[in-house]
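Comments concern the structure below.
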Amino acid sequence: MLSSPWARFYSNSCCLCCHVRTGTIILGVWYLIINSVVLLILLSALTDPDQYHLTSAELGSEFEFMDDANMCIATAISLLMILICAMATYGAYKQHAAWIIPFFCYQIFDFALNTLVAISVLVYPSTIQDYLRQLPNNFPYKEEIMSVNPTCLVVIILLFISIILAFKGYLISCVWNCYRYINGRNNSDVLVYITTNDTAVLLPPYDDPANGAAKDPPPPYVSA
């Protein structure tokens, strides 16, 4: 029997200890907590701008760290992320596969962004030194990082990004397997309902009430 080549990556367990549905619920709750903390920090910054406001002198650059417009955009993104994470958690808990799709799309988008960062570091390694020079002078371990050999620094950053991408890819596979599990279970429940319900049996064309009066079945074929 032919099967999809992606079927070999399908598994009902994740992290070698729990079901993909449980893992998706834990992942959704974890993202929900993180984005809730970020939202609280942003709301605190909006209510008390002086506490979180960094001037250009403190940053050593010509731009401010974050103005009110960027704070509002970040707050809106945090609210959207909370909604997406809550939908994924609810969908995995109540076994509604469609509710998991927005969270899965966010994971794909985040993975693509990190991949672009890795490609940019690999193609333009000099951007790392430029980025380090733009950091404020009081940034922790700035001088120690800049004193590292640029080639070694690029290798370390690429290795770190590769580990992050591998972990994110594993989380994407867990959420995708959870979606397939819930979707397949819902489809199997529908099939079981159809096969056990006598009224769901499809009638032949000659007994179909929609075709008008019942017709006689065709005579059997008799060979000469």
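Counting only residues that are aromatic (F, W, Y) and farther than 16 Å from Q107 by Cα, which one in the range 152-191 is modelled with the highest pLDDT?
The selected residue is F160.
Does at least one position in the range 76-83 carry a residue that is under 13 Å from the mean Cα position of the chain (by Cα), surrounded by 15 or more Cβ atoms within 10 Å (Cβ to Cβ) and part of a helix (DSSP H, G or I)?
yes
Considering every residue within the range 149-161, establish whether at least one is open to solvent by less than 70 Å² (accessible area, probe 1.4 Å), among the hydroxyl-bearing types (S, T, Y), out of contact with any Ser or Thr (no Cβ under 9 Å at 6 or more places or on another chain) and farther than 23 Å from I34 by Cα.
no
So which residues in the range 101-134 are of a type in the set (A, V, I, L, M), open to solvent by 40 Å² or more (accessible area, probe 1.4 Å) and more than 12 Å from the chain's Cα centre (by Cα)?
Matches in the range 101-134: L113, L116, V117, I119, L122, V123.
Would you pick out the residues in the range 20-37 that are over 15 Å from the mean Cα position of the chain (by Cα), open to solvent by 60 Å² or more (accessible area, probe 1.4 Å) and over 23 Å from N183 (Cβ atoms)?
Matches in the range 20-37: I33, V37.
Might you check whether a residue that is of a type outside the set (G, A, S), farther than 22 Å from C18 by Cα and either in contact (Cβ under 8 Å) with a residue 40 or more places away in the chain or touching a Pro at 6+ places or on another chain (Cβ under 8 Å) (or both) occurs anywhere in the range 86-98?
The answer is no; no qualifying residue exists.
Run N137 past the list (1) free of Cβ contacts under 8 Å to residues at least 60 places away in the same chain; (2) surrounded by fewer than 14 Cβ atoms within 10 Å (Cβ to Cβ) and report the number of the one that doesn't hold.
With respect to (1) free of Cβ contacts under 8 Å to residues at least 60 places away in the same chain; (2) surrounded by fewer than 14 Cβ atoms within 10 Å (Cβ to Cβ), N137 is out only on (1).
Are there any pairs with C-beta distances below 9 angstrom linking a residue in the range 154-177 that is of a type in the set (K, R) to a residue that is open to solvent by less than 60 Å² (accessible area, probe 1.4 Å), with the two at least 6 apart or on different chains, and if so which?
From residues that are of a type in the set (K, R), the pairs are K168/Q107; K168/D110; K168/N114.
The values are calculated or read from the model by the stated rules, or taken from the named source; none is laboratory data. The structure presented is a predicted model; accordingly, all values stated were derived computationally and were not measured. Methodologically, a virtual Cβ is constructed for each residue, glycine included, from the backbone with ideal geometry; neighbour enumeration extends over all protein chains shown. For the accessible areas, the whole protein counts, side chains as well, though only heavy atoms, and no ligand, DNA or RNA atoms are used. Shrake-Rupley method; radii C 1.70, N 1.55, O 1.52, S 1.80 Å.
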